[in-house]
Structures are given as structure tokens and as C-alpha cells.
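J.: One structure is given below, represented as C-alpha cells, and several questions about it will come after.
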Amino acid sequence: MRTTLATLQRIVDNNEKFTVLTCYDAIFAGILENAGVDVLLVGDSLGNVLHGENTTLAVTLDDMIYHTRCVARGASKAFIIADMPFGSYQVSPEQAFENAVRIIAAGAHMVKIEGGHIMADTVEFMTRRGIPVCAHIGLTPQSVHQLGGYKLQGNSEKSAKQLLDDAKKLEKAGASLLVMEVVPAKLAKKITHALTIPTIGIGAGVDCSAQVLVLHDMLGLYPGKKPRFVKDFMAGANSIQEAVASYVAAVKTGQFPGQEHEF
């Protein structure tokens with residue numbers, strides 16, 4: 001049976017957690033859902049881990065459509081979210097809708113866009129026309145140059161208040177899920193409790209409704225220094241499926257993320 005938004009909401013309403021991993025192809029789609037992953041995120045992180053780019057900014061709409069189609073072919077149970085790449089939704093709500101239609105047609109069940117309250121009109125425009133939207137606040141990689149790098153967000157009273165306000169406005173606009181990336185755990189908990197929609201954390205503490213990691217990160221396939229919020233689940237595992245199953249169990253039991261992964 002296919003996981004739906006209603007399924008995810010029911011998990012959260014039962015005080016349980018759901019799991020998310022990035023996925024970019026058909027083979028891994030099958031492996032991840034068979035290991036119990038609820039949601040596959042076709043992330044624009046493919047620019048980093050597949051294309052070798054330093055940022056996600058070079059990823060195109062055609063890239064996202066291609067990889068979404070690949071994942072959709074390999075998944076029969078998981079809920080599929082696809083990132084809208086940089087420049088594909090910022091011009092106008094109409095532009096966002098037209099491009100989201102192409103991504104949904106490729107097999108996604110929802111699109112994800114980055115940005116705070118400024119994206120509320122776009123979220124409302126799309127959701128009123130049948131496009132489910134996952135919002136994304138905190139560290140938004142498509143804004144890395146504006147943010148001055150990959151830095152902790154919401155670590156001042158003013159910025160924390162802004163993120164809470166952003167989250168509420170995005171929910172009111174119609175967003176069904178909210179990703180929070182690299183924000184203090186206490187703030188993420190406060191935002192999660194302030195919303196009725198599920199939250200998905202990455203570097204945002206254990207109190208979010210769900211957790212997401214980049215697939216390659218959780219398999220220990222990262223160049224250079226490991227990000228603080230990442231755990232290598234491949235260490236000690238005998239197979240990729242076993243590593244993913246360990247990740248699923250750790251998230252659902254609240255063992256991951258631990259305090260060492262929080263800000």
C-alpha cells in the first residue's frame with residue numbers, strides 16, 4: 001500500500017516518527033523502501049553527491065525531472081517528494097506551478113521549496129491548484145551565498161522569532177510538511193509544537209516529527225569533514241539495507257539524532 005500524506009499525519013498523530021532519506025535512482029528507491037523508509041526525497045543535493053558540484057545551484061529542472069522519474073520507477077510504496085531547483089519557482093507563483101506540474105507528472109507526490117514567509121503566496125497558489133508542498137526553512141542551501149555559507153540559523157532571538165513566524169505563515173498558506181535544517185534543537189521543538197503539520201529535521205534535534213539525511217552521508221560516503229548532524233550508519237553494518245534499517249530504527253525509537261548531532 002502506498003504511503004500518503006494522510007499516512008504520515010496518522011503516524012505523527014500516534015506520537016510516532018517517520019523516516020526520510022534522499023534518493024536519486026530506481027535501485028536505491030527499492031532498497032530504501034524495503035528497509036522501511038517512509039519518504040524518498042529526490043533532493044537537489046544530487047548536484048553535490050552525483051554531479052560533483054560545490055553547491056546545489058547548478059541543478060536544473062530537467063535534472064530533477066529525470067531523477068524523479070527514476071525514483072518513481074523503483075518505488076511502489078514510499079511517498080516521493082522532489083525538490084524544485086534554484087530558479088524554478090522564485091520568479092512568480094505561476095512559474096512555480098508550471099514547473100511543479102512537470103515534476104509531479106514525472107512521479108513525485110509533492111514538491112519542496114526553500115524560503116520563509118516570502119514564499120507563502122507561492123505555496124498558497126500551488127496548493128489551491130492541487131500541488132502538495134513541503135516547505136523548507138533554516139539553512140536553505142539554494143541561498144548559501146546570501147547566508148554567507150552553511151551556517152547555523154535561528155541562533156539569535158530575532159532570527160528565531162523570524163523562523164517561527166515563517167513556519168506559521170507557510171502552514172497557513174497550505175504547506176503540508178516543513179523541513180527545518182541546521183537550527184537549534186530547542187527552537188525546532190518549539191516550532192514543531194506550534195504547528196499541526198509534521199516537521200522534518202536535519203540538524204534540528206530529535207523532537208521533529210521526522211528526520212532526513214542525505215543518503216550518501218548516512219552511508220559514510222562524504223568527502224572531507226563529516227557534518228555534525230550526520231551519523232555513519234554503514235559503520236558495523238553488513239549491507240546497505242542493514243545500514244538503512246538501522247537508521248529507520250534509530251529514528252523511530254528516538255535514538256537518532258543524539259545530543260552530539262544537535263546544535
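J.: Using the structure shown, decide if T68 is modelled with pLDDT of 95 or more and assigned to a strand (DSSP E or B).
T.: On the way: modelled with pLDDT of 95 or more: yes; assigned to a strand (DSSP E or B): no.
Here the answer is no, as T68 does not meet what is asked.
J.: Collect the residues in segment 20-46 that are over 17 Å from V179 (Cβ atoms) and in a helix (DSSP H, G or I), keeping them in residue-number order.
T.: If the condition is that a residue be over 17 Å from V179 (Cβ atoms) and in a helix (DSSP H, G or I), then A26, I27, F28, A29, G30, I31, L32, E33, N34 are the ones that fit.
J.: Within segment 168-181, track down each residue that is crowded, with 18+ Cβ neighbours inside 10 Å and without any contact (Cβ under 8 Å) to a residue 40 or more places away in the chain.
T.: Selection gives E171 alone.
J.: Next question, about the same structure. Being at pLDDT 95 or above and over 17 Å from the mean Cα position of the chain (by Cα): is that true of V101 here?
T.: Answer is yes for this residue.
J.: For segment 146-166, what are the residues that are in a helix (DSSP H, G or I) and touching a residue at least 40 places away in the same chain (Cβ under 8 Å)?
T.: Q162, L163, D165, D166
J.: So which of G258, G203 ends up being under 28 Å from K172 (Cβ atoms) and either at pLDDT 95 or above or surrounded by 20 or more Cβ atoms within 10 Å (Cβ to Cβ) (or both)?
T.: G203
J.: Could you tell me whether any residue of segment 211-234 is among the small types (G, A, S), in a loop (DSSP other than H, G, I, E, B) and either in contact (Cβ under 8 Å) with a residue 60 or more places away in the chain or in contact with a helix residue (DSSP H, G or I) (Cβ under 6 Å, 6 or more places away or on another chain) (or both)?
T.: Looking through segment 211-234, none of the residues is among the small types (G, A, S), in a loop (DSSP other than H, G, I, E, B) and either in contact (Cβ under 8 Å) with a residue 60 or more places away in the chain or in contact with a helix residue (DSSP H, G or I) (Cβ under 6 Å, 6 or more places away or on another chain) (or both).
J.: Taking segment 45-85 as the search range and keeping residues that are β-branched (V, I, T) and without any contact (Cβ under 8 Å) to a residue 60 or more places away in the chain, which one is surrounded by the most Cβ atoms within 10 Å (Cβ to Cβ)?
T.: So, considering only residues that are β-branched (V, I, T) and without any contact (Cβ under 8 Å) to a residue 60 or more places away in the chain, the one surrounded by the most Cβ atoms within 10 Å (Cβ to Cβ) is V71.
J.: Taking into account only those residues within segment 1-24 that are surrounded by 17 or more Cβ atoms within 10 Å (Cβ to Cβ) and not hydrophobic (A, V, I, L, M, F, W, C), which is farthest from L221 (Cα to Cα)?
T.: Q9
J.: May I ask you to list the residues in segment 112-142 that are farther than 20 Å from S45 by Cβ, touching a residue at least 40 places away in the same chain (Cβ under 8 Å) and not in a helix (DSSP H, G or I)?
T.: Those that are farther than 20 Å from S45 by Cβ, touching a residue at least 40 places away in the same chain (Cβ under 8 Å) and not in a helix (DSSP H, G or I): G116, R128, P132.
J.: Related question: In this structure, does I197 turn out to be within 17 Å of the chain's Cα centre (by Cα), in a strand (DSSP E or B) and farther than 30 Å from M234 by Cβ?
T.: For I197, the condition - within 17 Å of the chain's Cα centre (by Cα), in a strand (DSSP E or B) and farther than 30 Å from M234 by Cβ - is not met.
The values are calculated or read from the model by the stated rules, or taken from the named source; none is laboratory data. Every value quoted in this text rests on a predicted model; they were computed, and no experiment measured them. All Cβ positions, even for glycine, are placed from backbone atoms using ideal geometry, and neighbour counts span all protein chains on display.
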